[in-house]
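Worksheet: one structure, shown below.
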Amino acid sequence: MHRVGSAGNTANSTRPRKEKRLTYVLSDADDTKHCAGINCLAVLKSKVSDGSDYLFTGSRDGTLKRWALGEDAATCATTFESHVDWVNDAVLAGDNTLVSCSSDTTLKTWNCLSDGTCTRTLRQHTDYITCLATAGKNSNVVASAGLGGEVFIWDIEAALSPASRSEAMEEDSSNGINGSGHSLPITSLRTINSNNNISVHSTQSHGYVPIAAKGHKESVYALAMNDCGTILVSGGTEKVVRVWDPRSGSKTMKLRGHTDNIRALLLDSSGRFCLSGSSDSMIRLWDLGQQRCVHSYAVHTDSVWALASTPTFSHVFSGGRDLSLYLTDLATRESLLLCTGEHPILQLALDDDSIWVATTDSSVNKWPAEGRNPQKVFQRGGSFIAGNLSFSRARVSLEGSSPVPVYKEPTLTIPGTPAVVQHEILNNRRHVLTKDTAGSVKLWEITRGAMIEDYGKVSFEEKKEELFEMVSIPAWFTVDTRLGSLSVHLDTPQCFSAEMYSADLNIVGKPEDDKVNLARETLKGLLAHWLARRRQRFGNQASANGELSGREITTRSHTHSRLDVDSNAENDSMVYPPFEFSSISPPSIISEGSQGGPWRKKITDLDGTEDDKELPWWCLDCVLNNRLPPRENTK
């Protein structure tokens, strides 16, 4: 994923400014499924007896989804789309608020029961945000942490209050884009002081700021908070568990014992006991009152990445890189292998007598767990006593006496779409060949964002050779598969370097010797819905020099652009068949304008109000004013 920096104010800069990139992410025909690994899970229990329970999933495909849970089925109710990189964690906070964090360095808040509209974008971190934690009984308090050792504590209620919105809008001119295309203030939150009172910390440029817990020198991968929000624990690459007072951000203690990265943390409701899982394959139980490790559990044979405890904190479920889910009695040290899979386990979520398991695969599985009475599982037999040294578990595994899993099959699977893991841009510069995790090889047409051929499980290299053509067309786009699907990147002026004759594109009704600029026509297809909605609002005269509020577009257009050869207005707005994007499975745009940060939205969700504050000026100049960069700049 191309990481877009802050827009900032570069008006007085003497350095040439790199223009904003436009990216479009191709969508699978079934948009109700994730297409990359699931990084996070959250369960929302219904407050009424006959209401529906919900599962929230956050994925490496950059989206979150809400699933309505039935007896033996889960239905995708909503997709939450706004992050532009991996969604790394999500928690439920406040009154029906979903808070998510991402490698795009932002936190976002959503009404978890809405149609997927982002209600606020929070920008305080300077690097990937890896984890979140919330207080059970004071769920307005949310902590976030990530790479670079940054840890912040937020008050969600203050963020969403009208006072916070109005003040933020007055103080901060940077705006995010919500799900319906309207501007929303990007702000930090009011914070909680040591007396549990909300205090306001104002700065000249950003309004409210969260409490910063300063002390980590390296990356943080795990957070946990007690129910009352009075104790916060964090861990990461420093191999120590740090304990904080989240009301002030002050350090309380530091616990040593792990020999590798700490990847998962849990606190009991009182905040006295802490469980940690590490890349050293160990689970440790800490007594914060005694400030020491009281038990070590050698259960796994590889890194421990996920922990979930029973409500009474008597047993812990654990999973990780060894593909296995274990249940361990913290008092007796008795351990049981519940199940094994094909993919490393990334997160766990207990749901009554079941447990949801998220992995690096795009599917989510529900397994039996007996969370309310875990002793019932141990009655099946097959348990072992967890050692207290990591090599003890590894030695048992090498001796061939590995435990047998209790369960063979999950009780429910929410299927995903196989992630694209390999790609090749063919030399006709319109088609891309891909291979996914299931081994299927497919052919995509970039200029209309469609999969045009599914070859099944064939040799990728042989198919690539078979499709080779003796043509020479400039490279006008780049592609990556970080989000599990094809992300196509357009950068000006390079993207305007490729032209083809209309005859070669089989465009009927256009002179055969007319040259067609591939990027220009692709942009017209991508923004066709936006342009139609714009004309409904502003009439046919809507142009970059008119209704758009970007004075800079006009001056840049005359200075840096040329009029295209085809100046017929009717033809200019026409989208030719090789460039028509589907409205059934439309791609998503990832972009950035002159204000705010990067955003993501389906092309069919654009409402025509977006201008140069949200979209790159050169895209608007191309689509609305029919202008392209000078030819010498595209070479």
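The values are calculated or read from the model by the stated rules, or taken from the named source; none is laboratory data. Model, not experiment: these values are computed from the prediction. Methodologically, a virtual Cβ is constructed for each residue, glycine included, from the backbone with ideal geometry; neighbour enumeration extends over all protein chains shown. Ligands, DNA and RNA are stripped out before the accessible areas are found, and what is left, the full protein with its side chains, is counted by its heavy atoms. Shrake-Rupley method; radii C 1.70, N 1.55, O 1.52, S 1.80 Å.
Laid out as a table, the results:
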read-out: Filter pass, residue 67 being crowded, with 21+ Cβ neighbours inside 10 Å, modelled with pLDDT of 95 or more, more than 15 Å from the chain's Cα centre (by Cα) and among the hydrophobic types (A, V, I, L, M, F, W, C); value: yes
read-out: Any hit, the stretch 223-231, residues being among the β-branched types (Val, Ile, Thr) and open to solvent by less than 30 Å² (accessible area, probe 1.4 Å); value: no
read-out: Only one of 424, 445 that is more than 30 Å from residue 322 (Cβ to Cβ) and open to solvent by 20 Å² or more (accessible area, probe 1.4 Å); value: 424
read-out: Positions within the stretch 61-88 being part of a strand (DSSP E or B) and aromatic (Phe, Trp, Tyr), in sequence order; value: 67, 80
read-out: Residue in the stretch 614-621 that is part of a loop (DSSP other than H, G, I, E, B) and open to solvent by 30 Å² or more (accessible area, probe 1.4 Å) present; value: no
read-out: Unique match (being in contact with a strand residue (DSSP E or B) (Cβ under 9 Å, 6 or more places away or on another chain), at pLDDT 90 or above and surrounded by 15 or more Cβ atoms within 10 Å (Cβ to Cβ)) among 209, 142; value: 142
read-out: Any hit, the stretch 462-473, residues being assigned by the TED database to the domain that holds residue 602 and either within 24 Å of residue 593 (Cβ to Cβ) or open to solvent by less than 20 Å² (accessible area, probe 1.4 Å) (or both); value: no
read-out: Out of 58, 51, sole residue that is outside any strand (DSSP E or B) and more than 19 Å from residue 26 (Cβ to Cβ); value: 51
read-out: Whichever residue in the stretch 212-222 is in a strand (DSSP E or B) and open to solvent by 20 Å² or more (accessible area, probe 1.4 Å) and, among such residues, is modelled with the lowest pLDDT; value: 212
read-out: From 348, 327, residue being surrounded by 19 or more Cβ atoms within 10 Å (Cβ to Cβ), at pLDDT 95 or above and touching a helix residue (DSSP H, G or I) at 6+ places or on another chain (Cβ under 7 Å); value: 327
read-out: Scope the stretch 385-423; condition modelled with pLDDT of 80 or more and basic (Lys, Arg); matching residues; value: 408
read-out: Residues within the stretch 272-293 that are within 17 Å of residue 227 (Cα to Cα) and in contact with a Leu (Cβ under 7 Å, 6 or more places away or on another chain), tallied; value: 4
read-out: Pair list, Cβ < 8 Å and 6+ apart or interchain, from the stretch 480-491 residues that are in the same structural domain as residue 591 (by the TED database) to residues that are part of a loop (DSSP other than H, G, I, E, B) and of a type in the set (S, T, N, Q); value: 484/362; 484/417; 485/27; 487/481
read-out: Matching residues, the stretch 55-88, being out of contact with any Cys (no Cβ under 8 Å at 6 or more places or on another chain) and among the β-branched types (Val, Ile, Thr); value: 63, 75, 78, 79, 84
read-out: Only one of 59, 46 that is hydroxyl-bearing (Ser, Thr, Tyr) and open to solvent by 30 Å² or more (accessible area, probe 1.4 Å); value: 46
read-out: Wholly enclosed strands (runs of 3 or more DSSP E) of the stretch 96-136 bearing at least 2 residues under 17 Å from residue 600 (Cα atoms); value: 97-102, 107-111, 118-122
read-out: Of all residues in the stretch 137-146 being without any contact (Cβ under 8 Å) to a residue 60 or more places away in the chain and in a loop (DSSP other than H, G, I, E, B), the one that is farthest from residue 267 (Cα to Cα); value: 140
read-out: In the stretch 31-64, the residues that are within 20 Å of the chain's Cα centre (by Cα) and among the basic types (Lys, Arg); value: 33, 60
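Here's the yes/no breakdown for (1) open to solvent by less than 30 Å² (accessible area, probe 1.4 Å); (2) modelled with pLDDT of 50 or more; (3) assigned to a helix (DSSP H, G or I); (4) not basic (Lys, Arg):
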{"site": "522", "(1), (2), (3), (4)": "yes, yes, yes, yes"}
{"site": "536", "(1), (2), (3), (4)": "no, yes, yes, yes"}
{"site": "567", "(1), (2), (3), (4)": "no, no, no, yes"}
{"site": "584", "(1), (2), (3), (4)": "no, yes, no, yes"}
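This table checks each residue for (1) in a loop (DSSP other than H, G, I, E, B); (2) of a type in the set (Lys, Arg); (3) open to solvent by less than 20 Å² (accessible area, probe 1.4 Å); (4) in contact (Cβ under 8 Å) with a residue 12 or more places away in the chain.
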position: 270; (1), (2), (3), (4): yes, no, no, yes
position: 276; (1), (2), (3), (4): no, no, yes, yes
position: 281; (1), (2), (3), (4): yes, no, yes, yes
position: 285; (1), (2), (3), (4): no, no, yes, yes
position: 289; (1), (2), (3), (4): yes, no, no, yes
position: 295; (1), (2), (3), (4): no, no, no, yes
position: 300; (1), (2), (3), (4): yes, no, yes, yes
position: 306; (1), (2), (3), (4): no, no, yes, yes
